[in-house]
Amino acid sequence: MSAPISIIIPTLNAQQGLMASLPALMEGLPKGMIREVIISDGGSDDATQRLAEQSGAVFISGPASRGGQLRRGAEIAKGDWLMFVHADTVLSPGWSGIVETHLPLMQPAYGKLRFAGGGLPARLVAGWANLRSLVFGLPYGDQSLLLPKSLYQQVGGYPDIPLMEDVALARALKGRLVALDFIALTSAERYQKAGWLRRGARNLLTLLRYFLGASPERLAAAYRR
């Protein structure tokens, strides 16, 4: 029987993140959980490809768009389950056992967000993200979405858009996502650079604008600025 899970990681100059995230995934190998790791790259010019190949991952490359990268990775995945993990996210020890226990339930799921560093502001932002996910069914991509490939295909998968691809997929799943008891430990670098309050408010405003009909391309351009 083949290992059930294809892990898909979107990357763009992600060598630093991969140096931590890839080793954390390896506990799933002796359990027979991981069929393959797919690195879906958006045109990196650092050592991302070399690290991917050294780890035994499948490496594919295409235009830089996180939604498109995730979609391309899912299209070539051979596992019956898909798990989408960001390059700067490290899954907590024991994640594979928790996932293994969950698989027979055939439900889409995600992990609990925690930031690596940041003190009280980090705990508050992560707490809001976990509450938003639980109450509104809207986990973001850094919470490591896990779902059956058949369900992913049924709802249309990730749209090829540069921003809000995770929200679009969560909305398509219509409240069926459940939280699992593993931690998705994510880099706090972007928040620390921009400021926790400023970045959090900006994320919330972007989400509201998306719900009000703003295009992902327009939102992505504003987000980069």
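A few points about this structure:
- When the Cα positions of S96, A64, Q49 are compared along the charge dipole of the range 49-107, A64 comes out farthest toward the positive end, with charges on each C-beta of Lys, Arg, Asp and Glu.
- Here the simple spin-label model places points 7 Å from the Cα toward Cβ, and for L205 and E100 these points are separated by 4.7 nm.
- Rolling a 1.4 Å probe over the protein chains gives E217 an accessible area of about 100 Å².
- Full extension of the segment from I76 to A64, taken as 0.36 nm per residue of separation minus the current Cα-Cα distance, would add 2.6 nm.
- Debye log10 I(q)/I(0) at q = 0.19 Å⁻¹ for the range 1-43, Cα point scatterers: -0.60
- Test item: Cα-centred dipole of the range 1-55, Lys/Arg +1 and Asp/Glu -1 on Cβ, debye: 240 debye
- Three-way shape call for the range 44-97 based on the alpha-carbon gyration tensor, with the a/c threshold at 1.5: oblate
- Per residue value of the accessible surface for the chain (all protein chains in place, 1.4 Å probe), Å²: 48 Å²
- Amide H to amide H, with H built 1.01 Å from N, S44 comes under 5 Å of N13, counting only residues 5 or more places away or on other chains.
- For the chain, the share of accessible area belonging to carbon and sulfur comes to 56 percent (1.4 Å probe, ligands and nucleic acids excluded).
- Under 14 Å, Cβ to Cβ, from E217 - net charge with Lys/Arg +1 and Asp/Glu -1: +3
- Rounded, prolate or oblate (a/c below 1.5 giving rounded, otherwise prolate when a/b exceeds b/c) for the chain by Cα gyration tensor: rounded
- Per-residue SASA entry for D80, accessible area with 1.4 Å probe, Å² rounded to 10: 110 Å²
- Taking all pairs of distinct alpha-carbon atoms in the range 155-214, Kirkwood radius in angstrom: 13.7 Å
- The charge dipole of the chain, taken about the Cα centre with unit charges on the Cβ atoms of Lys, Arg (+1) and Asp, Glu (-1), comes to about 860 debye, rounded to the nearest 20.
- Kirkwood Rh and Cα Rg combined as Rg over Rh, evaluated for the range 18-146: 0.96
- Most to least accessible of K78, K112, K31, K193 (protein chains only, probe 1.4 Å): K193, K78, K31, K112
- Cα-projected label distance for A214 with R190, points at 7 Å along beta-carbon direction, nm: 1.5 nm
- If you take the Cα centroid of the range 204-224 and the Cα centroid of the range 34-92, the two points sit 25 Å apart.
- Anisotropy class of the range 70-138 from Cα gyration tensor, a/c 1.5 cut: prolate
- Accessible surface of I34, taken over heavy atoms with a 1.4 Å probe and every protein chain present, rounds to 20 Å².
The values are calculated or read from the model by the stated rules, or taken from the named source; none is laboratory data. Computed from a predicted model, the values in this text were never measured in an experiment. Quick reminder, even Gly has a Cβ in these numbers, built from the backbone with ideal geometry, and neighbours come from all protein chains shown. We work out accessible area using only protein heavy atoms, side chains counted, and drop any ligands, DNA or RNA first. Shrake-Rupley method; radii C 1.70, N 1.55, O 1.52, S 1.80 Å.
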